[in-house]
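First the structure, in the form of structure tokens, and then the observations on it.
The values are calculated or read from the model by the stated rules, or taken from the named source; none is laboratory data. On a predicted model such as this, the values are computed, not experimentally measured, just so you know. FYI the Cβ positions are ideal-geometry reconstructions off the backbone, even for glycines, and counts take in every protein chain you see. Heads up: the accessible areas ignore ligands, DNA and RNA and are worked out on the full protein's heavy atoms, side chains in. Shrake-Rupley method; radii C 1.70, N 1.55, O 1.52, S 1.80 Å.
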Amino acid sequence: MARGKDERYPVELRAPDISRWREGNIGIPYMTTLDSGRPGPHALVNAVTHGNELCGALAIEFLAETGFRPARGQVTLGFANVAAFGKFDPEQPSASRYVDEDFNRVWDLSTLDGPRQSAELVRAREIRPLIDRIDYLLDIHSMQHATAPLMLAGMQQKGVELAQRVGEPEYIVRDQGHAAGRRMRDYGDFDDPASPKAALLVECGQHWEQASFTVARDVTLRFLACLDLLEPDYAARHLPKTTPPRPRVIEVTEAVTIETNSFSFVEPFEGQEVIAKAGTVLGHDGGREIRTPYDECILIMPSRRLVKGQTAVRLGRFVA
Ligand SMILES: [Zn+2]
């Protein structure tokens, strides 16, 4: 099994061949819309927003190989950062995360409409007309560390409600993203409380572990089921029969954004640690001490890429 020199985690998953989707059928490469011919919502199941994350592409392959067709409305199967994903190498599995910049930080209107160019911005602008017309988005991701899967619901209550309808994973994180730039899941109407459109970002587990595929597949099926998009006989064959634990909501209260070139954590945090006491030192950013702001503080997705301007960790607490 491949394991890059700097990697703690073996690559258990394969990167699927997505060339069959290259043409797509809506004028955007790697975006394929399945149309039931009946009225209903338009949902996008999206993979490889980050090119080093395999589980979403495998979930879409699963839908294709099991003959999934929407029962009503339309379902688009999409692959976002295909340029990065095309460079995936199991010997260097982190290297293909993006080409020029993080695809999931370019979704501010000022950035999309602005003059800046990058491989990721070209692709974001290419798929933006589709993102503008869908009603629901499931954006499938995975994480650096093998911690419990998370649903990232954004700031609006409708995101939390959609996550609760999906019902898995157990942990729903209500969060406002990153100072470095807006995520696709927070773009446009998804972040407008007056719009019924809603988006979810799911973090399915460690990037290359087998279990992340199982989570991605099951969450995708539950997402389609809760929107009433599965045919009954397809659901009977493939939808998980188990009832997952009642979801718990974690509200992110702040993101720790790195301000210097010398940020370090005091421990090798992996995520979802609950720190009992307020004032506990988590790390140092130059001369600045990073401390927990309250008791029972939960660490959300501490980063291993401790780069100035990026998020080091987000801090939250259980609210439900
Ligand atoms: Zn990701």
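With angles folded into 0 to 90 degrees, how steeply does helix 55-65 sit against the dominant principal axis of the chain? Use alpha carbons for both and round to 10.
10 degrees
I'd like the GluC sites (Glu not before Pro) in the stretch 1-89 restricted to DSSP loop residues with at most 13 other Cβ atoms within 10 Å, sorted by number.
Within the stretch 1-89, the qualifying GluC sites (Glu not before Pro) (loop, at most 13 other Cβ atoms within 10 Å) are E23.
Which listed residue (Q272, A216, P41) has the Cα farthest towards the positive end of the charge dipole for the chain, taking +1 on Lys and Arg C-beta and -1 on Asp and Glu C-beta about the Cα centre?
Highest projection toward the positive end goes to P41.
Dipole size in debye (nearest 20) for the chain around its Cα centre, Lys and Arg Cβ +1, Asp and Glu Cβ -1?
240 debye
For the stretch 176-320, calculate the relative contact order in percent as a whole number, restricting contacts to Cα pairs under 8 Å that are 6 or more residues apart.
Computed value for the stretch 176-320: 23 percent relative contact order.
Could you please report the charge total around V319, scoring K, R as +1 and D, E as -1 over all other residues with beta-carbon less than 10 angstrom from its beta-carbon?
Spelling it out: positives minus negatives among the neighbours equals +2.
Can you give me the long-range amide H partners of G24? Hydrogens built in the peptide plane at 1.01 Å from N, cutoff under 5 Å, separation of 5 or more residues or another chain.
Long-range HN contacts for G24: Y30, M31.
Short version: what are the Cα gyration tensor semi-axes of the stretch 104-248, square root of 5 times each eigenvalue, largest first, in whole Å?
27, 17, 15
Could you pull out every one of the lysines with an alpha carbon less than 19 Å from that of K87, ignoring same-chain neighbours closer than 8 positions?
Partners within reach: K5.
With no solvent and one equal point scatterer placed on each C-alpha of the chain, evaluate the Debye formula and give log10 I(q)/I(0) for q = 0.08, 0.10, 0.16 Å⁻¹, two decimals.
Taken in order of the listed q values, log10 I(q)/I(0) reads -0.34, -0.55, -1.49.
Let me have the relative contact order for the chain, percent, based on Cα pairs under 8 Å that are six or more residues apart.
Dividing the mean separation by the residue count of the chain yields 17 percent.
Through the Karplus equation 6.51 cos²θ - 1.76 cosθ + 1.60, θ set to phi - 60°, convert the phi angles of the stretch 282-292 into ³J(HN,Hα) values in whole Hz; use x for Gly and Pro.
Karplus-based 3J(HN,Hα) across the stretch 282-292 equals 9, x, 10, 10, x, x, 8, 8, 9, 10, 5 Hz.
What nm value, rounded to one decimal, do you get for the distance between R317 and R22 when each label is placed 7 Å out toward the C-beta?
In this crude label model, R317 to R22 measures out at 5.4 nm.
Where Lys and Arg each count +1 and Asp and Glu each count -1, what net charge lies around G51 among other residues with Cβ under 13 Å from its Cβ?
Its environment carries a net charge of -3.
Which residues' amide hydrogens lie under 5 Å from the amide hydrogen of G73, considering only partners 5 or more residues apart or on another chain, with H built in the peptide plane?
S36, R38, G40
How big is the convex hull of the Cα atoms of the stretch 1-109, per residue, in Å³?
So the per-residue hull volume is 126 Å³.
How large a share of the accessible area of the chain, in percent, is made up of carbon and sulfur atoms when the probe is 1.4 Å and the other protein chains stay in place?
49 percent
Within a Cβ distance under 11 Å of P169, other residues only, what is the Lys/Arg minus Asp/Glu net charge?
Here the count lands on -2.
Per residue, what accessible area does the chain have, given a 1.4 Å probe and all protein chains present, in Å²?
Value for the chain: 42 Å² per residue.
Can you tell me the 0 to 90 degree angle between the C-alpha axis of helix 119-133 and the longest principal axis of the chain, rounded to 10?
50 degrees
Return the lysines within reach of K308: Cα separation strictly under 24 angstrom, same-chain partners fewer than 8 residues apart disregarded; answer none if there are no such residues.
none
Measure nothing fancy, just the Cα-based angle from helix 210-226's long axis to the longest principal axis of the chain, in degrees from 0 to 90, nearest 10.
It is inclined by approximately 60 degrees.
Hey, can you rank 174-181, 309-316 by average C-beta count inside 10 Å, highest first?
Going from most to least packed, we get 309-316, 174-181.
P(r) tail for the stretch 96-188, what percent of Cα pairs lie past 15 Å?
64 percent
For every helix of n ≥ 4 consecutive DSSP H residues, a contribution of -39,500 (n - 2.57) applies; sum these over the chain, divide by its total residues, and give [θ] at 222 nm rounded to the nearest 500 deg cm²/dmol.
Theoretical 222 nm ellipticity from helices: -6000 deg cm²/dmol.
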